[in-house]
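Have a look at the structure below, then the notes.
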Amino acid sequence: MDLKKAKGKSLKIAEVIRAEISSGKIRPGNRLKSVRELACGFSVSIKAAQRAFDTLEAEGLIERKAGSGAFVKETANRKNNTIYFLVPHAAHMMLEHETSIAIRRMLYGAFNAALPSQLVQMIPVSKSNDANINKKPETIDWAALECIPAGASVFISSAWYSKIIPFLVERGVRGIYLATQFEQAYQEMYKTIQETRWPIIKIDRFTAIQNAVSHLYSLGRRRIAAIKSYPNQPDHPFRKGFIAGYEHCGMPFKDEFFREFTPSQPGNEEEMILALWKSNKFDALIICAPGIVRDTFQFLTNKQKLRIPDDVALLAFRDMPNYMSLPISISVFDFPWVEIGAEIVNVANDENSMQREIRFQSTITDRDSTLKRSSIETISAFLPEHQVNRTFSMEMV
């Protein structure tokens, strides 16, 4: 009698889930509640809930993935072939901001790598171009996100989207996440991504600036300084990689070589650069904040009367089109965003991409701000990428 009751309870759970699948309440790719949650919700034993899953799996309605849970099975005729790129806001894509340009380059790479039958589609996630959805979650455009089908491939480019990730996990999408090595404030989000076993693409900013220091050292520079935005980040990969670069070159590192500033305070950058110059008379400067490259160049050449690159070599992070208006072409280190975009498509099309990690290294492009009479010119547009690869590599970990 007890056995019959147990079977009846498990069949009832299976019937409810089957009806929800049939009605579309839960869709292909959606993750189901855990066995423990079902047992609690239906006031049954864990074994009874487990038997319900066994029944649904035998019927081909669900599939269980080790470490991730149970999902509504995606049948071949229901499969969505679109790759969804999350972007902050439609207007953001028109800006000359560093993230806007990086996303445009990745989109270019994805468009060119996509199959003839495949669509790469942008999904703006914010109702306001000025809002940070982590600080103002009320600006999230949930209606736009509801357009993403369950089980679809979705690219998320940073922890900026952390408020949206639980929704995507619950929806059962095949997420592809771009990590930037500095997400200590988002450990729960990162843990969720790892538990969901999304493939992760990493850009190695630690090695990028370490190589930048080594490169400038190879050009004969011995008093190399660096500046970045946002203070009080001792574990940031740019700071740690900069120190590692000094150690690699056998030079003693001093804190005065690495400075940080608050972007929201007007004039703060100029004061910081002046203090940096007075403290160590640097002969090379790595600028990790693309937004201040032009002002830094003007300050060093017009106010300090320094010659670039004779007195100071300049190496900037990110290859930005607005560097073109400067009288000297700016040397840069950056990541191969077009290639990253192509790899996003490759991962999306790989059914076995769960728990896969791909790491991209940076490239260095020497122009007139580090080497006089360089043959490499600044490009006028963000497409296509125009890079001289010195340190680029891609690792499958």
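The values are calculated or read from the model by the stated rules, or taken from the named source; none is laboratory data. Quantities reported herein were computed from a predicted structural model and do not represent experimental measurements. Counting neighbours? That spans all protein chains shown, and the Cβs are built from the backbone with ideal geometry, glycine included.
Residues that are closer than 30 Å to ALA152 by Cβ and assigned to a helix (DSSP H, G or I): does segment 212-232 have at least one? Within segment 212-232 (the criterion being closer than 30 Å to ALA152 by Cβ and assigned to a helix (DSSP H, G or I)), the answer is no, since none of the residues qualifies. For segment 351-358, indicate whether the set of residues that are among the basic types (Lys, Arg) and out of contact with any Pro (no Cβ under 8 Å at 6 or more places or on another chain) is non-empty. Taking every residue of segment 351-358 in turn, none turns out to be among the basic types (Lys, Arg) and out of contact with any Pro (no Cβ under 8 Å at 6 or more places or on another chain). For ALA212, the test of being of a type outside the set (Val, Ile, Thr), at pLDDT 95 or above, farther than 26 Å from TYR177 by Cβ and touching a Leu at 6+ places or on another chain (Cβ under 9 Å) is failed. Annotation note: Cβ proximity below 6 Å between a residue of segment 37-60 that is assigned to a helix (DSSP H, G or I) and a residue that is of a type in the set (Ser, Thr, Tyr) (sequence gap 6+ or interchain) occurs for ALA48/SER10; ARG51/SER10; ALA52/SER10. In the set (1) touching a Pro at 6+ places or on another chain (Cβ under 8 Å); (2) over 17 Å from LEU219 (Cα atoms); (3) modelled with pLDDT of 90 or more, the condition left unmet by ASP334 is number (1). Please determine whether any residue of segment 97-111 is over 21 Å from the mean Cα position of the chain (by Cα) and either hydroxyl-bearing (Ser, Thr, Tyr) or in a helix (DSSP H, G or I) (or both). Scanning segment 97-111 turns up no residue that is over 21 Å from the mean Cα position of the chain (by Cα) and either hydroxyl-bearing (Ser, Thr, Tyr) or in a helix (DSSP H, G or I) (or both).
In segment 152-174, the condition of being of a type in the set (Ser, Thr, Tyr), modelled with pLDDT of 85 or more and in a helix (DSSP H, G or I) is met by at least one residue. State which residue is nearest to LEU115 (Cα to Cα) when the search covers only segment 326-341 and only residues that are among the small types (Gly, Ala, Ser) and either outside any strand (DSSP E or B) or free of Cβ contacts under 8 Å to residues at least 12 places away in the same chain (or both). Step by step, filter segment 326-341, then rank; the result is GLY341.
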